[in-house]
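K.L.:
Structure in structure tokens, see below.
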Amino acid sequence: MIVYARPFVRLWLEPEFWEAADVMRILATSSAFFLPQIIGNAVLFGTDNHRYLLRVLLLEAGLKIVLAFWLVGPYGLTGMALAAAIPQVLLYVTLYPVLLGKAIKVSPIWIGLTSLQAGFVAMFVSLPVAFLMRLWLQPNSWVTFVIDVGVVCVVGLIGGWFILEPTDRARVKAWFGRS
């Protein structure tokens, strides 16, 4: 959504809401740091170590509230998006890997590098394709928007296939009924 936020918002909303595209970009960027950690959340719950997650979430909530008071006045909607995004990025690349590593007795550096690997591969595969698609086929209608995003998703899936472990590839093949 980083590349397609503006066309999406312009197709969907009236001009007075077009500022929402900047908000969408900010929140999509911070989600790229949070989403890989969802597996860690499940591990923390499954190993009865959710207290570590609680610490991160409480600190994140507190920082978001403080930043919201500080940023919303001068920056409005964009300030609120930044108030939500900054703690998320900060905590999920620093404190969270340390606490998850402590809980499951794994190096926090390994956790951080592993979670960032998929994100960086996706970024280096998807972003250039998205920019090229926007140049080649302007997403000025819902049809061209869906085609653009669809091509990027397919290329992203192909790129993702190559970073899967062989056992995971076998599982995907089995899921589709191919061995």
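FYI, it's all coordinate maths here, none of it is from the lab. Keep in mind that what you see is a predicted model, and the values were worked out from it rather than measured. Cβ sites come from the backbone with ideal geometry, for glycine too, and all protein chains shown count toward neighbours.
Yes or no, residue by residue, for (1) among the basic types (Lys, Arg); (2) under 15 Å from residue 8 (Cβ atoms):
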{"position": "116", "(1), (2)": "no, no"}
{"position": "127", "(1), (2)": "no, no"}
{"position": "134", "(1), (2)": "yes, yes"}
{"position": "140", "(1), (2)": "no, yes"}
{"position": "146", "(1), (2)": "no, yes"}
{"position": "151", "(1), (2)": "no, no"}
{"position": "154", "(1), (2)": "no, no"}
{"position": "167", "(1), (2)": "no, no"}
{"position": "172", "(1), (2)": "no, no"}
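K.L.:
Taking only pairs six or more apart or across chains, which ones have beta-carbon atoms under 7 Å, a first residue in the stretch 53-67 that is more than 13 Å from residue 84 (Cα to Cα), and a second residue that is of a type in the set (A, V, I, L, M, F, W, C)?
P.N.:
Final answer for the pair search is 53/44; 55/99; 56/91; 56/95; 56/99.
K.L.:
Follow-up question, since we're still on this one. Every residue in the stretch 158-175 that is part of a loop (DSSP other than H, G, I, E, B) and surrounded by 11 or more Cβ atoms within 10 Å (Cβ to Cβ), please. Write out each step before concluding.
P.N.:
Looking only at the stretch 158-175, we keep the residues that are part of a loop (DSSP other than H, G, I, E, B), and these are 164-165.
The answer is 164, and nothing else.
K.L.:
Let me ask you something else. Looking only at residues in the stretch 82-136 that are loosely packed, with under 15 Cβ neighbours inside 10 Å and small (Gly, Ala, Ser), which one is farthest from residue 39 (Cα to Cα)?
P.N.:
Across the stretch 82-136, the extreme among qualifying residues is 107.
K.L.:
Starting from residues that are part of a helix (DSSP H, G or I) and touching a residue at least 12 places away in the same chain (Cβ under 8 Å), keep the ones in the stretch 137-146 and report whichever is surrounded by the fewest Cβ atoms within 10 Å (Cβ to Cβ).
P.N.:
Step by step, filter the stretch 137-146, then rank; the result is 142.
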